[in-house]
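Here's the structure, in structure tokens; my notes come after.
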Amino acid sequence: MRWPIVAESFGPHLCNTDVFSPKPSQSAEDQPYTRWQDLRKRVIEHNVRVVAKYYTRIQMGRLTQLLDLTEEETEKYISQLVTSKTIYAKIDRPARLVNFAKPRDADDVLNEWSSDMKSLLGLLERIDHLITKEEMMARILPPREKAKAR
């Protein structure tokens with residue numbers, strides 16, 4: 001959900017009610033405008049969470065383009081979500097990258113590698129068995145059946 005499209009599509013209808021207002025008023029308690037800003041914030045936070053699910057690493061320029069925000073606003077929203085532990089992210093300012101992937105423990109990496117190797121060796125053993133079986137069957141066939149098989 002891109003905020004400009006949400007504001008354009010639903011904004012006029014929502015702002016005709018007493019609940020939302022896109023512009024601040026002069027009153028001390030400006031609840032409709034605050035609600036409109038909260039809705040905007042929630043839509044942007046939702047979009048950041050979706051991006052964090054689909055990307056492990058993204059350039060800041062592309063992220064700002066996806067969120068329709070400035071770089072400062074993007075960094076602010078990411079920081080808020082990280083401090084509230086909603087998402088995991090690291091921002092590399094010099095490289096202008098945002099990394100959403102959690103660092104993996106060395107034990108987990110080694111266990112996964114060990115499991116993959118065990119699976120691979122099991123497949124190789126099965127293939128070896130099938131090849132040996134095929135060779136044995138080929139030796140058993142009488143010579144005239146070999147000619148038919150070709």
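Some observations on this one:
- Mean Cα-pair separation over length for the chain, i.e. relative contact order, pairs under 8 Å, 6 or more apart, %: 16 percent
- If you plug the beta carbon distance of Glu112 and Arg57 into 1/(1 + (r/R0)^6) with R0 = 22 Å, you get a FRET efficiency near 0.65.
- Taking a straight line from the alpha carbon of Lys133, these aspartates and glutamates sit under 18 Å away, with near neighbours fewer than eight places off in the same chain left out: Glu125, Glu145.
- Cross-link pairs Lys23/Lys53; Lys41/Lys102; Lys41/Lys90; Lys53/Lys76 - those with Cα-Cα distance over 28 Å: Lys23/Lys53
- Loop-located trypsin sites (Lys or Arg not before Pro) in region 76-127 (DSSP state other than H, G, I, E, B) with a sparse environment of at most 10 neighbouring Cβ atoms within 10 Å: Lys85, Arg104.
- Gain on full extension, evaluated as 0.36 nm per residue between Asp18 and Val50 minus their Cα-Cα distance, stands at 8.5 nm.
- Spin-label model, Gln31 to Glu134: label points 7 Å out along the Cα-to-beta-carbon direction sit 7.6 nm apart.
- One decimal place: the segment Leu141-Met1 gains 43.7 nm when fully extended, by the rule 0.36 nm per residue minus the C-alpha distance.
- Partners for Lys85 among aspartates and glutamates (Cα-Cα distance below 16 Å; same-chain residues under 8 apart left out): Glu45, Glu75
- The calculated FRET efficiency for Asn99 paired with Ser119, based on their beta-carbon distance and R0 = 22 Å, is about 0.15.
- Choice from Ala89, Ala106, Ala138 showing the highest fluctuation, given a GNM over the chain with Cα pairs closer than 10 Å: Ala138
A short reminder: the numbers here are calculations on the coordinates, not readings from a lab. Given the structure is predicted, the values throughout are model-derived calculations rather than measurements. Quick reminder, even Gly has a Cβ in these numbers, built from the backbone with ideal geometry, and neighbours come from all protein chains shown.
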